[in-house]
Amino acid sequence: MARWLKWTINLVILTALITACGVIYWQSITNRTLILNCSSELFDRHSHGNVDGKYYLLVDVLIAANNAQINYRYFNVDGTSAGTISMQGKVEKIEANSMTYQVAVQTKTESELEKHKDWPEHMKYLSYISSLHFNASGIHNLSVEVLDMDDTKDYAVVLFQPSNTVCGCRIVNSRI
């Protein structure tokens with residue numbers, strides 16, 4: 001066989017191999033999915049034990065491929081809504097060793113039904129800090145860090161930053 005034919009065959013095989021690796025890598029990135037239903041109790045330390053200073057927070061996390069949606073839902077002790085903040089953005093980076101998702105939030109929607117003064121302090125803080133970032137750069141960066149996870153029990157402990165929130169979460173889907 002001619003020398004140029006061997007080189008051509010080797011080049012075709014190498015190109016096919018590189019293309020196959022690229023396709024496998026792309027599928028592994030786009031097939032990443034994390035769906036969590038999280039909850040936490042919130043206490044206003046200035047309420048002196050009053051029911052008015054206690055709220056429940058539910059956080060729904062959906063990360064699929066490079067897209068992220070995080071919904072913060074706040075409830076009063078009696079179960080009535082105290083407000084919502086919904087954020088959508090792109091996953092900028094995944095730190096696999098620490099199971100941290102860095103998200104660049106591009107849009108935010110806040111509930112208008114409740115008056116700002118009646119919002120839980122946590123919601124006021126999250127609204128304030130994200131608005132500062134949106135006003136400064138048009139993007140609010142946040143992280144979702146899985147501190148502990150047990151797939152067999154469908155349970156995770158998650159830290160949300162910069163809202164400084166630790167929640168217990170039910171794992172709905174985890175394909176990382």
Dimensions of the range 78-176 along principal axes (Cα, Å, largest first)? 41, 38, 19
Note, ³J(HN,Hα) from phi for the range 3-8, Karplus 6.51, -1.76, 1.60, rounded to Hz, x at Gly and Pro: 4, 5, 5, 4, 5, 5
Could you list which residues have their amide H under 5 Å from that of G83, counting only those 5 or more apart in sequence or on another chain, with H placed in the peptide plane? Y74
Which whole-Hz ³J(HN,Hα) couplings does the range 141-151 yield from phi under the Karplus relation 6.51 cos²θ - 1.76 cosθ + 1.60, θ = phi - 60°, glycine and proline marked x? 8, 9, 10, 10, 10, 7, 7, 8, 8, 9, 4
Short version: ³J(HN,Hα) in whole Hz for each residue of the range 81-92, in order, from phi by Karplus 6.51 cos²θ - 1.76 cosθ + 1.60 (θ = phi - 60°), x for Gly and Pro, what are they? 5, 10, x, 9, 9, 10, 10, 10, x, 10, 7, 7
Ranked packing of 60-68, 96-104, 150-158, most packed first, by mean Cβ within 10 Å: 60-68, 96-104, 150-158
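Only the coordinates and a few stated rules stand behind these numbers; no lab work does. What you see is a predicted model; the values in this text were computed from it and never measured. Glycine also receives a Cβ, built like all others from the backbone with ideal geometry; neighbour counts cover every protein chain displayed.
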